[in-house]
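S.K.: What follows is a single structure, and I will ask about it in a moment.
The values are calculated or read from the model by the stated rules, or taken from the named source; none is laboratory data. Since this is a predicted model, take the numbers as computed values, not measurements. Because the Cβ atoms are built from the backbone with ideal geometry, glycine has one as well, and the counts that use them run over all protein chains shown.
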Amino acid sequence: MTASVSMEPEEEARLTEQAKTDPEAFAELYDHFMPVVYGYVMRRVMNKEIAEDITSQVFEKALKSIRGLRAGASFKGWLFKIAGNTIIDHYRSKGRQQTSSLDEAGDMANGKSGKAVEQVDNRVAVMSLLDKLPEGHRTALVLHFLEGLTIDEMAEALDSTPNACYMKVYRATKAFAEVLEQNGITRIDDYVRQA
Amino acid sequence: MSDRRKAQNFIEAARGGAPVEGSGAELAVLLGTVQLLRESAPAPAKPTEAFSSRLRADLLSRYGELTAGKPVAPARKRAVRWAWVAAPALAAAAALVLILVLGVFRTPPPPAVAVLEMSQGKATVVDADGKSRVVEDTSDIALDETIDVDSKSRAVLTFTDDNIARMEAGTSARVDGYEEGSITLELDRGKVYNRVIKNTRYRVIHSGVTTSARGTAFDVEVQGSGETINVFEGAVHVSWTGARPLEVGQGSQAVVTRAGGGVEAQVKPIDLATLDFSWLAYNRDLDRKAGFPLGILENLAPTPPQGVQPPALVIPPPEQTAPTTPQGTTPVDTQPTTTPTTQPTTPVSRPSASVSLASSGPPVVISWGGANVESADSVVVFRSPGGQLAVYKPGQADSFSDGNVEGGATYSYWVEYIAGGQTLAKSNAVTVTVPAPEPPPPPPPDLSVSLDGSASASSMSLKWGSSGGPLPDTWMVLRSEGAPPSYPGSVYAEVGGGSAGGSFTDYKVDGSRKYIYKVAALVRGEVIAYSNAVYYP
């Protein structure tokens, strides 16, 4: 089961419609998107058992609601919306604080991944600064640049519109660039030469 | 290039597309930032084969059972978009019944004509149905939506055709018309700076007076029952019923007043020193960044190092008239306000400085000048109380806008020219009492909400009514287990407001669990009342 190759939008739309009545079509969607959703949930909760539990809930909710999904909606974006809501419900019900991506990066800094110290320190610094951004900015950057959602998929996931999502990603990147610069982290030299 | 175009350009380039010509250093920084982020993020975790297979098998074995339930969208605070789909009559009737039972009636959202982006603070947007939402970041704006910008806030409205309207704190404006080649804004109060960048018929209307433009930068400020239109670049026409359009060119100002049932307008040159420096500098800086021609704003003093802030205002509720121009505030010092600088009374050969009051605010604006101060290496602006407010190099600025003032308070301002650490010349002091803000309106009477519940094995039906207070614009159904529910943590469903009551049926109940329900009444995103609690089962 792999999900490393993007599914064409037309194929995704066709399978989504079929999955409303055909379990095999749903199975294809599951095979393709479950690892993606699991990876996103794991990035947010940083706990294998909780990630498995939430991922299970996400697909259960998806099956319960799939017949109500409007034609033309992005299945991937919709899954991410369910995942985001389920994660929030989880934290509310358990009264827990969200863990940060710093935790896993911290493991790297402690040498558990065996990376070079200087490279790890910079990655730790960058991820810790990401965690300091406001929630809206962080979500926009994670969804678009790390999880690979297109603008249309983001609009579905965030109950927003493509126009607003363009601005969200742009502003979030500008804010993150400022934070990095204030903390002495920049990586523009390659792009300046190419510009 | 507008921010929206920059955003699209950047995202296309980050995806691997070619950026448009003239993208510049900003794009390089943003792309570098994305590269850093991608390199720094840990690789996504992968599920184990055992978990994947087990979950797959479980879902497929329960496919029929899970898909047989009623379609339910995740309940969130934000409105859920429903798309009407052409369907057989029976399915449409069933859908309508479901909608009425849920107490929610949603139509597809109207198309967006602009994007609202907050430069600072927040705004409240009210749609054509009276439903409001608070915007702290960005929001699409549709036709007939009204934007109310909060105190200490500023907002930029970018239309889909790239024309721009920037709104100052306390401004209320409505997108009254939008079609290809034509935009109309209805301005109720405050001020809006308009950058018409395409061949668009762009109009701003206040109380029957229309300012229309093609390809210009101008602002319209409501003052009492009239308005002032300043044209910074290009030209506009100002017109009203029964009058020939009045052309106002670059560098000119039209002051429109109403007296004896008629409308009068006087056109005169703009004196930048008499306008709100903070507002002009904010727009000048954004225009410069976007590469727009600045017109007379090229002559504006530089923005101080600490930046400029929107004013802190007491904003009247929408049904009241716009605040009147502050009256009755006379500076103690007798320097004339129409002349930014005055001649020193001391002999010409001695260094001297003078300061005059340009606006009693808020914000308070002072301007200054000096004679025989060529040896000065800095100019310092002082205020009492407050101390040193700003330091400039000679010639860097000749006015200062102080937005950090309180209504009703009295301040004195002066400047000192400094050379080698010593005061070369100290100006007179101007003293001003800032007009006191209007008293806030009395609070509305308390709303009382009464909730009833009826439980069955598979659902919980809620019905509520209210009395004694304003009509909420949103009802929130709250549900919890254990502790009593509260807003926003226990939000379960949102029901449209505009009525004194409502109903909602919760089909997602587990008979083996206990739930507590309440409803919360919201006005402009704030809870004004909670109902009593009801319990399931």
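S.K.: Of all residues in segment A:35-52, which are more than 7 Å from every other protein chain (Cβ to nearest Cβ) and closer than 15 Å to B:Ala57 by Cα?
M.R.: Across segment A:35-52, there are no qualifying residues.
S.K.: Right, something else. Suppose we filter segment B:135-167 for residues that are assigned to a loop (DSSP other than H, G, I, E, B) and either more than 13 Å from every other protein chain (Cβ to nearest Cβ) or closer than 25 Å to B:Leu313 by Cβ (or both); how many remain? Give the steps one after another, and end with the answer.
M.R.: Filtering segment B:135-167 for residues assigned to a loop (DSSP other than H, G, I, E, B) gives B:136-137, B:143-145, B:150-153, B:160-163.
Filter again for either more than 13 Å from every other protein chain (Cβ to nearest Cβ) or closer than 25 Å to B:Leu313 by Cβ (or both), leaving B:136-137, B:143-145, B:150-153, B:163.
Going through segment B:135-167 one residue at a time, the tally reaches 10.
S.K.: Let me ask another. State yes or no: is B:Arg4 facing chain A (nearest Cβ under 9 Å), at pLDDT below 80, buried (at least 18 other Cβ atoms within 10 Å of the Cβ) and touching a helix residue (DSSP H, G or I) at 6+ places or on another chain (Cβ under 9 Å)? Quick ask: steps written out before the conclusion?
M.R.: Details: facing chain A (nearest Cβ under 9 Å): yes; at pLDDT below 80: yes; buried (at least 18 other Cβ atoms within 10 Å of the Cβ): yes; touching a helix residue (DSSP H, G or I) at 6+ places or on another chain (Cβ under 9 Å): yes.
Yes.
S.K.: Name every residue in segment A:120-147 that is at the interface with another protein chain (Cβ under 9 Å from one of its Cβ atoms) and modelled with pLDDT under 80, in order of residue number.
M.R.: Going through segment A:120-147, the residues at the interface with another protein chain (Cβ under 9 Å from one of its Cβ atoms) turn out to be A:122-127, A:130, A:134, A:136-137, A:141-142, A:144-147.
Correct list: A:Asn122, A:Arg123, A:Val124, A:Ala125.
S.K.: Of a type in the set (A, V, I, L, M) and closer than 18 Å to A:Ser74 by Cα: does that describe A:Met127? So that I can check it myself, show each step before the final result.
M.R.: Numbers: of a type in the set (A, V, I, L, M): yes; closer than 18 Å to A:Ser74 by Cα: no.
Against the criterion (of a type in the set (A, V, I, L, M) and closer than 18 Å to A:Ser74 by Cα), A:Met127 does not qualify.
S.K.: Identify the residue in segment A:53-93 that is among the polar types (S, T, N, Q) and under 24 Å from A:Pro23 (Cα atoms) and, among all such residues, is surrounded by the most Cβ atoms within 10 Å (Cβ to Cβ).
M.R.: Only one residue fits best here, namely A:Thr55.
S.K.: Is it the case, given these coordinates, that A:Ile50 is touching a residue at least 40 places away in the same chain (Cβ under 8 Å), more than 17 Å from the chain's Cα centre (by Cα) and surrounded by 18 or more Cβ atoms within 10 Å (Cβ to Cβ)?
M.R.: On the way: touching a residue at least 40 places away in the same chain (Cβ under 8 Å): yes; more than 17 Å from the chain's Cα centre (by Cα): no; surrounded by 18 or more Cβ atoms within 10 Å (Cβ to Cβ): yes.
Judged against the criteria, A:Ile50 is not a match.
S.K.: Okay, next question. Please state which of the following conditions B:Gly291 fails to meet, knowing it meets all the rest: (1) touching a strand residue (DSSP E or B) at 6+ places or on another chain (Cβ under 9 Å); (2) farther than 24 Å from B:Ser399 by Cβ; (3) not basic (Lys, Arg).
M.R.: (1)
S.K.: Does segment A:100-116 contain any residue that is modelled with pLDDT of 80 or more, assigned to a helix (DSSP H, G or I) and either touching a Ser or Thr at 6+ places or on another chain (Cβ under 7 Å) or facing another protein chain (nearest Cβ under 8 Å) (or both)? Before the answer, list the steps.
M.R.: First, the residues of segment A:100-116 that are modelled with pLDDT of 80 or more: none.
So far as segment A:100-116 goes, no, none of its residues is modelled with pLDDT of 80 or more, assigned to a helix (DSSP H, G or I) and either touching a Ser or Thr at 6+ places or on another chain (Cβ under 7 Å) or facing another protein chain (nearest Cβ under 8 Å) (or both).
S.K.: Something else: Would segment B:261-280 turn up any residue that is part of a strand (DSSP E or B), modelled with pLDDT of 90 or more, in contact with a strand residue (DSSP E or B) (Cβ under 8 Å, 6 or more places away or on another chain) and buried (at least 18 other Cβ atoms within 10 Å of the Cβ)?
M.R.: Scanning segment B:261-280, I find no residue that is part of a strand (DSSP E or B), modelled with pLDDT of 90 or more, in contact with a strand residue (DSSP E or B) (Cβ under 8 Å, 6 or more places away or on another chain) and buried (at least 18 other Cβ atoms within 10 Å of the Cβ), so the answer is no.
S.K.: Considering only segment B:168-189, state which residues are in contact with a Leu (Cβ under 6 Å, 6 or more places away or on another chain), in a strand (DSSP E or B) and not hydroxyl-bearing (Ser, Thr, Tyr).
M.R.: Just the residues of segment B:168-189 that are in contact with a Leu (Cβ under 6 Å, 6 or more places away or on another chain), to begin with: B:169-170, B:173, B:175, B:178.
Next cut, in a strand (DSSP E or B) only: B:173, B:175, B:178.
Answer for segment B:168-189, where residues must be in contact with a Leu (Cβ under 6 Å, 6 or more places away or on another chain), in a strand (DSSP E or B) and not hydroxyl-bearing (Ser, Thr, Tyr): B:Ala173, B:Val175.
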